[in-house]
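Notes for the one structure printed next.
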Amino acid sequence: MKEGLLKEAIIKIVSGIILLGLLLFLPAGTIHWRDGWLLMAILFIPMFFAGIIMYIKAPDLLRSRLRAKETQSEQKDVIKYSGLMFIAAFIIAGLNYRFKWIILPDAVVWAAAVVFLLAYCLFGEVLRENQYLSRVIEVQEDQTVVDTGLYGIVRHPMYSATVLLFLSMPLVLNSLPSFVIMLVYLPIIVKRIRNEELVLEQELKGYKEYKNKVKYRLIPLIW
C-alpha cells in the first residue's frame, strides 16, 4: 500500500513541475529565465524532501493531503478562484519577464526567496504539530483541538504560512504585476477561514473554548 502512496506522491510532484514550468516558461518565451528556475527550485526541492519525511513518518497525513477533495460548494469556489489566481499570476510573471514591464532590484528577488523558505519551514512546523491537517475542511475521527506551539499564537498558522508563501512567489519571479494579482488571496483566505471556523465550532469538541483562548486567526495583534 505504501508503494502505491509513493507512486502517487511522485506523480503529483512531477505533474506540478510540468504544469508550473509550462505556465512560467511558455509566456516568458525562453527557458533561460533565472528567477523562474529559482522559484521551481525553492518550491519543489523542499517539497520533495518533505514528501519523503511524511512518507516515512506520517503516511496517513501524506495520503490525506494527496487525496482529499472538498465537498462543500462554498469551498469548491474558493479553490476554483485560487487556481485562477495562480494561473493568471504565473502567466503574467512570464510575460513581465519577456516584455520587461517592471523590473525589480535583485535584492527584492533574493529577499523574497528567503521569506519563501522561512514560510516553508513554518508550514513544515505546522504539519509536525497537527496530525489532523487536511487540505480540505473536515473534522476527522478522534480529532482533538491543537492549542500549543504555533496554534497557541494564531488559530490558523497554516494559512499564515501560505500567505507568506503566496505573496513572496511573484517577488521571487521579479513580477510586481503578479504580486498585485496574488493580493486576491487575502479575501479568498478570509472567506475560507470564516467558513472553516463555522464547521469546526459545530463539529469539533472544544473549538469554541479554543477560540476564546486564542484570539487571533491569522496575524497576531491584527486579525
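Here are a few things to note about the model shown:
- Distant alpha-carbon pairs in the chain (separation over 25 angstrom), percent: 44
- Of MET85, ALA119, PRO177, farthest towards positive along the dipole that unit charges on Lys, Arg, Asp, Glu beta carbons give segment 85-223: PRO177
- ³J(HN,Hα), Karplus 6.51/-1.76/1.60, whole Hz, each residue of segment 169-186, x for Gly, Pro: 3, x, 6, 4, 7, 6, 10, 5, x, 5, 4, 4, 4, 5, 5, 4, 4, 4
- Each Lys and Arg contributes +1 and each Asp and Glu -1, all at the Cβ; summed about the Cα centre of the chain, the dipole is approximately 260 debye.
- For TYR216, the amide hydrogen comes within under 5 Å of the amide hydrogens of ARG155, counting only partners 5 or more places away or on other chains and with H modelled in the peptide plane.
- Once both labels are positioned 7 Å from their Cα atoms along Cα-to-Cβ, the gap between GLU201 and LEU84 label points is 2.9 nm.
- 13 Å beta-carbon shell around LEU218, net charge (K/R +1, D/E -1): +4
- Once the Cβ-Cβ distance of LEU6 and LYS211 is raised to the sixth power relative to R0 = 30 Å, the FRET efficiency obtained is 0.20.
- Measuring between their Cα centroids, segment 100-123 and segment 198-223 lie 31 Å from each other.
- Global form of segment 161-201, assessed from the alpha-carbon gyration tensor, a/c cut-off 1.5: prolate
- Extension gain for THR30-VAL190 works out to 53.9 nm (0.36 nm per residue, less the C-alpha to C-alpha distance).
- Rounded to 0.05, the FRET efficiency of the LEU22 and LYS100 pair, given R0 = 22 Å and the Cβ-Cβ distance, is 0.55.
- The HN-Hα couplings worked out from phi for segment 27-42 by the Karplus form 6.51 cos²θ - 1.76 cosθ + 1.60 (θ = phi - 60°) are x, 5, x, 6, 9, 8, 10, 4, 5, x, 5, 4, 5, 4, 5, 6 Hz, whole numbers, x standing for Gly and Pro.
- Stretched out straight at 0.36 nm per residue, the stretch from VAL108 to ILE52 would grow longer than its current Cα-Cα span by 17.0 nm.
All of the numbers you see were taken from the coordinates with simple rules; none came from a lab. This structure is a prediction, so every number in the text was calculated from the model and none was measured. Heads up, the Cβs are rebuilt from the backbone with ideal geometry, glycines too, and the neighbour counts pull from every protein chain shown.
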